[in-house]
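Read the figures in this text as sums done on the coordinates, not as results from a lab. Since the model is a prediction, treat every value here as computed from it, not as a measurement. Reconstructed Cβ throughout: ideal geometry from the backbone, glycine too, with neighbour counts over all protein chains shown.
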Amino acid sequence: MFMFAWTFALWVRGGVEPIFDAGLTLFSSDAYVFAFNFYMDAISAVFFGVTCLITILILLFSKYYMHRDPGFRRFHATILLFVFGLSLVIFSGNFETLFVGWEFIGISSFLLISFYRDRYLPTKNSLKVFALYRIADTLFIIALWYAHHLFDKNVLFSEFASLIGEHGNDLLILGILFVAVAMIKSAQFPFSYWLPRAMEGPTTSSAIFYGALSVHIGLFLLLRTYPLWEGNTGLRILVALVGLLTALIATSITRVQSSAKTQIAYASVTQIGIMFVEVAAGLHALALFHFVSNACLRTYQLLISPSILSYLIHYQFYTFTPPTHKMQPNFVGKIRSTLFILGLKEWNMDSVMTHHIWQPLKSMGQRLRFLDKKPALMFCVALLFLGMYVAHDEHASRMIVSGMTWVSAVLSILLFVRSYANTGTALACWTQVFFGQVFAFVFLITLTEVTFQTALIYLTGIVLAYAAGLLCLRFLDTGSVRLSVSEYHGYMYKHPAIGNIFFVATLAMVMFPITPSFIGEEVLLSGIHTDQSAFVAVFILGYVLSGVSSMRLFAKVFFGPHAKTYHEMAYRSS
Amino acid sequence: MLFYDAIFKASEIFGYKVTFSLAEYRNLYRTGRIHTTILERTVREHKGDEHFDEWYRKVLHETFGGQLEARIHALRKGWREHYPIDLNNAVHPLLFRILCSYLDQGIAIVPFPYENAGLLDAIRALEKNSAAHFLNTDRARTLLHDPDLTLEVLLTILVGKQEYFEEYIYGQQFAHRGWSGMVSTLENRPETLLYPKKIALKDLILLECLMEIDALDSAFGLNWKPLGELTNRPPMDIFADIDAKEIYDVIKIWHDAFEWSYYDEALMAIKKSASHNPNTKEGAKRFQAIFCIDEREDSIRRHIESTGACETLGAPGFFGVEFYFHPAHAKFYDKLCPAPVTPAFLIEEIPSAEKHTPAREIVYTKESHTLIRGTVASYILGIPSLVKLIFNLLSPTMSPAIADAFAHMHDENELTVVHEGKRDEARNLQIGFTVAQMADRVEKLLRGIGLVRNFTRLVYFIGHGSSSANNPHHGAHDCGACSGRPGSVNARVAATMANHPDVREELRKRGLDIPASTHFVGGLHDTASDEIEFYDERKMSAEHQELHTQNKQDFERALDLNAKERSRRFMSIDTKQSLERIRKAIKQRSVSYFEPRPELGHGTNALCIVGNRALTRNLFLDRRAFMNSYDYRTDPDGTFLTNVIAPLPLVCGGINLEYYFSRMDNSKLGAGTKLPHNVMGLIGVANSSDGDLRAGLPLQMIEVHDPIRLMMIVEHDPAVVSRVILATPALSEWFTNEWVHLAAFHPEENRLYIFKDREFVPYEPCTDETSVLEEDFLAVIESAEKMKTNNIVDATKENLRIRLMPR
Ligand SMILES: [Zn+2]
C-alpha cells in the first residue's frame, strides 16, 4: 500500500505523465517470461484515489461498526488483501500483473461474501459468485495466452500505441475476451444477478465492494484495454449495446425490488451500464467522473441503508398517498405485467445460468459414478505413467501422442465433472480433483516441449497441495460415518487452523497466481497454438471446473452450520 | 404450561436452543457466577437430601450424549433423501420476493399490481395478462387459475396421504418462520401497517404448495411421487408430549442455580436496605419526578436523588392516559398506550406557526435509482455524499435520516387535551378528555404510586424515548410500559390534566387534595443521548419558573452522572474522562451512522420491584430493575395493588422473556448480528437478498444480558399479595407456571417470602450479609471490568453486584 502511495506521489511530481516501472521478474525461460510490471496514468490515479479514500473511510467506519462482532480481525485482514489486489490491478504494467491482482480481488471477494460462514446462504452465494468469477478468470487467462501468441512477447501497457498498427484485426478477439471479462466483473447483463447476492457480508463490506470498488473494476479493464479495440467500430457498438441493454434491464429490476440493498445494487449496475456506453463513445473523462461520483453515492447509500426504515416510515407518516395504479387488460398492461414479473425474477438470469450450465454438468457428473470405484483409480494411475512415458519418448509416433492428448483431456474433464457432482466422501472428491489436474498436466505436456524444470514446478504445486489437503481431510475423517460432501459440515467452527491450511491447499490446487502450479500452468498453456481451438475449449472447461469443484469441496467441509456440537445454529433460510 | 416443560418441548419440536449448554453452566460455576451454596441448595430442593450425592455428581461431572433432530423438519427432509432437489432452495427466494413485494410499504418504485385483490388473486390477475410467469410448468399454472383450488388438492399431489398433511404444512411454514409469522400477524392485525394489505396465511400456503409442485415438475416432469408414498416413517403428532430426560433435570438445576445466585443476592440486598437506617429527611424535597418503570431509568433516578433535592417515583410510562395521537400535518394516528389497550380518545397536535414537516433527504429517494434521474443523481450527488459521510465520521449530528425521539411532538404546538364536544367520527374517537375522565386517570395514577400527600411545588412526569441512527431495530429501544413510542405526549398530557383547575377541584372532592401551589410539568428523557426536554415551560408562573430553572441544574447534573454510568459498558468511551467529554461522546453515539450500540436497550433486566422507593433508594441495582412505586400504607387491603400489578408481568415479563430467548438462541430466536441486515419492504430485516425475515433481538442488544427470568418483588403483606394475584387467573398463571418469579417483602415483619406452588413461603437468603458492601458510586463505575468476549462466561462479569450506596 505504501509503495503504491509512493508511486502515486512520484507520478504527481513527475508532471502527471504516464510512468512505467519494470518490476521484478518472477519466472523466465526462452519461451515464457512472467514479470511484474507497473504503470501509472490518469486512469490509475483516479481509481487509486477513490480506492484509498473509500477504504480509509470504511476502515474508520468499521472500527466502531464491527466492534465485538466475531471475525473482526478476519474482516480487516480480508479488506487489506482486497485493497492489495486492487492496487496491483490499478498499477499493473502488463496483463500478467493485472491478472495476479485480479485473482486477489476474486479470492478476497469470496472470503468477504462468505464472511458469516456458519450460515447457509452466505456460503451458497459465495460459491455462486466464485463460479462466475472463475469463468471471468478463465477468459482472462485465454486472453493472456492469445496476446502472448499474437505479440510474441509480454505486452506492456506502455507499448499499446505501437502495437495497434501492426495487428489491426487480430485484436478483435482479444478485445472481445476483455469485454466479456469486464462484463462479468461489472455485473452487466446477463451476469448482473451476482451483485445483490454478494451482499452477504457486513454492510460495510457490501458498501466497499459492491457499491464502490469491486463492481467498477470491469470499467477499469475496459478503459485500460480501450486502445486495443478503439479502432474496431463493431466492437465499440457492441460494448455500447451491452451497456445500454444492461442499463434498461437493471432499471426494470430496480423499479420492482422491495429490499433496500438489492435496489441499490441494481441502481448501481444501471449506472455502470451507462459508463460502458460512455467508454465506448470515447468519453473517458466523463466515464471516470461518473465512476467517482457513482462509487461515492452508492457507498453512502449502502452504508446508511439501515436508516431507510425509520426515514421512509417517518416520511410516509406525513406524506403518504396510496398508490393509484390501474393495470389495463390490454397490450400496454401486458407489457407492464411482463416487465413486473421479469423484474421481480431478475430476468431469470440466475435460473438460466443454473439450469443451463451448472445443472447439466451436475447430472452428467452423477452418471459418472464409476469413477469413484477403485479399479478406475488404478486405471488412472497406470494411464498416467503411460502418458508421461509417451510424452517423454521422442520416438513415440505422432498418432500415439495425439491419442494420449485426447485421452488425458477427456479424462481430466470427466474427473472434474465427477468431483463437481460427487456427493460421496470428501476424500474421493479431493482425489478426483487431483487426478483431474494431473491429467490436465499430461494433456498439456503432450502438446508442448517442456523442460524438466517447468514440469517440476507444476507438479510440486499440485502434489504438495494434494498431500496437505489429504492430511486435513484425514484428520477430520475420523468418525464412524465418512466425511461426505452431500451436506455442509462447518468445520471452520471447530478446527479453524485445519480450515486455513486446507484453504491454502485449495488455492494451490485451483492454480491461484503465484502458487507454483500457476506458473507451471501459464508456461504450459503457451504451448497450445492459436489454431488449436478444441484444446483451448478443453482447457477452459477444465480450468473453470477444477476451480468450482475444489472450492465447493472446501465450502462443504468447512463452511455452513456446524452440526456436531450443541450450540446455536442459524436456519438455512436466514 | 410450566416454564421448563414448555421450553424443552419447544426445543424438541422446533430445534431451538432454550438454555445454555452444560459446558457453559459448568464454566459459569467455575468462574464463580453460580455460587456453590446455591447450587447445593438447588440440588437438594429438586432431588431431596437422599439423592443429593448422586445428582450433585451428575450435575457437575456426567456427560450426556445425544443430539436432537427438530421434529418439525423431519418429514420434509424426505424430499432430499429421495430426489436430487433442495425444495426450499428452489422455492424460497422467489416466494420471499413475491411476499416482500406484495407487502412492501414503499421501497419499490412500482407497486405490486392488483394488490388490493389479495395475494393469490393478485398473482392470478397478473399472470393472466403477462408473457412472463412465476410458475413455469403447465400443471401448476392450471391449478393456479382453477377457481375451485383447495389446499387438499395441492396436498394430495405433494404429500398424497392425508395423515401427513398437517405435519407437512407445519414443516413447510416453519422452514421460514419469519415470513409465515409476519403474514399471520398481518392477517390478524392489518392496521399494524401504515399501508394495510389484504393477506392471509392460507394464501401463502397455497402459493407455496403451487410453487413446490412447479419446482418438482420442472425438475422431474410428472415423474415424481408424493412424499407420503416415499417415506416409511409413520405420521407423527408434532405437538405430542416429550419424554422425560435426565439431562433436562440437570439443566433445570443448573439454570435455577444460575438464576438464584443473582436473586438471592438481590433479596438479601433489599432486606438489608430496608433495615438500613434511612437518614433521608422526609418532606424536605424541592421537587418530585415520576419516571417510567423502565429499568434504564434506575440510574438517572439514583443520580437525581443524590443531589438531595428530589424524590423520584416510578409509574408505567404512558402515565395512565391512553389515546391515539395525531401529530400536526401527519396522515396517520399513533396509538400511545400499552399494546393490549384500545383507546377511545384522540389527541391532536395543533400546528403552530413554525412548521415541522420532515425534511427530505435526497439520497433516500427512489428517484436516485431510476435510469434518467438516477444518472443525474449519480453525477451530482456523489461528491456531496462523500462529504456527508466524512462529516458523520468526524462529528455526527442530527439529520432527517435519524430516528429522533424529540421529533415525536413539538413543544410549541398545543394539544387538544380537554374535550370540547368534538369527535373523530370516522374512527369513532372522542377528541380530548372530559373533566371526569381526566380526574379518573390522574387519581388512578397518583393513588397507584402512593403519591397522595407531601406534594412539592413542582412535580415532573418524565417519559422516555431513544434516538438512534442507521438502526432498523430502533423501535426496540422504546418500551412496552410506555407505548413502544417516545413517551413525550403521554407525559405532557398527564401533566396538563393534573394542572387543570376543574380536575383539581374534582380530585379534592374525591379526597385527593393537591395544593394549588403545586404545578405538574411533562418532559422526555432520551435514553440514548441522555438529554431531557420539558414541555409547556411557558405556562408556569414566574415563581415556578424560577424553581424550575434551579431544578434543571439538578437534572443536568444527573444526566452527566447517568452518562458516566452508562459509558462503562461502551468500549469506545473512557469512563474516567471528564463528564463533559463523556456527555458529548454519548450524544454522538445516538446520531452516528456507524455505531451499532447507541444504547443497550433493556439488556440485563432481571428484577421488578413494586414498593416504596425507600426500599431501593440506597441500592446500586446496575440498571437491572423495573421499579413501580407503590405505598402499602395508603392501600392496606390491596385495592389499588391489582391495578398496579396487572400490567407488569405482560410488560416487564414480556420484555424479559424476549431478551431471554434472543440471548439463548440468537441465531433462531434472535436476529443474529445486525451488521449484514437488509431492510425488506419497510416491514422487516433479512440477512441477504434471499433470506427469511429475522424476528427477535439482534446480537448487539443481548450480549450484556444475563438470561434469567424476571423476579418480581412486592412490598406488602404476602397474604394481601397472594389474594390479589390469585383473584385473576390471567395474572396468576405467569407466577404459578413460573414464567416470572414472585417474592413478597413484608415491610412490618421485615421478612421475605417467595411464591411457590400457589402460596408464599418464608425465604431466608443464604448470601452472606456482609457481601453487600457499602461502596462509592464513582469507584464502582470506574473500576468495573469490561467484557473480553460476548460469550456469557465473560459477558456476565460486566454485570456488577448489588451494593449499598453511602448517603
Ligand atoms: Zn417506558
Linear extension gain, residue B:633 paired with residue B:139, 0.36 nm per residue minus alpha-carbon span: 170.4 nm
Pairwise label distance in nanometres, residue B:252 with residue B:83, each label 7 Å out on the Cα-Cβ vector: 4.4 nm
Relative contact order of the stretch B:489-561, pairs being alpha-carbon contacts under 8 Å that are 6 or more residues apart, as %: 25 percent
Antiparallel DSSP beta bridges within chain B, percent to nearest 5: 40 percent
Neighbour-count order for B:787, A:551, fewest beta carbons within 10 angstrom listed first: B:787, A:551
Loop-located trypsin sites (Lys or Arg not before Pro) in the stretch B:158-242, at most 16 other Cβ atoms within 10 Å (DSSP): B:161, B:198
Antiparallel DSSP beta bridges within the protein assembly as shown, as percent of all bridges there, nearest 5: 50 percent
The stretch B:526-575 versus the stretch A:66-115: alpha-carbon centroid distance in Å: 47 Å
Simple label model, 7 Å out from Cα along Cβ direction - residue B:509 to residue B:766, nm: 5.9 nm
Normalised contact order of the stretch A:228-294, rounded percent, pairs of Cα under 8 Å and 6 or more residues apart: 35 percent
For a label point 7 Å along the Cα-to-beta-carbon line of residue B:749, residues of the stretch B:690-734 with backbone N under 18 Å: B:713-726
Shielding of A:247-254 by partner chains, average beta-carbon count, 10 Å: 3
Trypsin sites (Lys or Arg not before Pro) restricted to DSSP loop in the stretch B:427-534 with at most 10 other C-beta within 10 Å: B:427
For the stretch B:629-692: relative contact order, % (alpha-carbon pairs under 8 angstrom, 6 or more apart): 13 percent
Stretch gain in nm, segment residue B:54-residue B:191, where the contour uses 0.36 nm per residue and the Cα spacing is subtracted: 43.7 nm
Pairwise FRET efficiency - residue B:23 versus residue B:331, Cβ, R0 = 56 Å, nearest 0.05: 0.55
Length released on extending from residue B:69 to residue B:719, taking residue separation times 0.36 nm less the Cα-Cα span: 229.4 nm
The protein assembly as shown, helix-only ellipticity at 222 nm - DSSP H runs n ≥ 4, -39,500 (n - 2.57), divided by all residues, nearest 500: -16500 deg cm²/dmol
Flagged links, alpha-carbon separation over 26 Å, of A:63/B:564; B:271/B:797; B:9/B:674; B:272/B:552: B:9/B:674; B:272/B:552
Packing-based exposure ordering (other Cβ within 10 Å, fewest first) of B:565, B:533, B:50: B:50, B:533, B:565
Ratio of Rg to Rh over chain B (Cα coordinates, Kirkwood Rh, two decimals): 0.98
Beta bridges by DSSP in the stretch B:497-650, antiparallel share as percent, to the nearest 5: 45 percent
Debye, to nearest 20: dipole size of chain A, +1 on Lys, Arg Cβ, -1 on Asp, Glu Cβ: 2580 debye
Number of partner chain Cβ atoms within 10 Å, mean per residue of B:123-130: 5
For peptides A:406-414, A:345-353, A:299-307, sequence by mean Cβ density within 10 Å, most packed first: A:299-307, A:406-414, A:345-353
FRET efficiency estimate (nearest 0.05) - Cβ-Cβ, residue B:166 to residue A:456, R0 45 angstrom: 0.10
Rough spin-label spacing in nm, given labels placed 7 Å along Cα→Cβ, for residue B:239 and residue B:116: 3.8 nm
Calculated FRET value between residue B:222 and residue A:73, using beta carbons and R₀ = 56 Å, to 0.05: 0.55
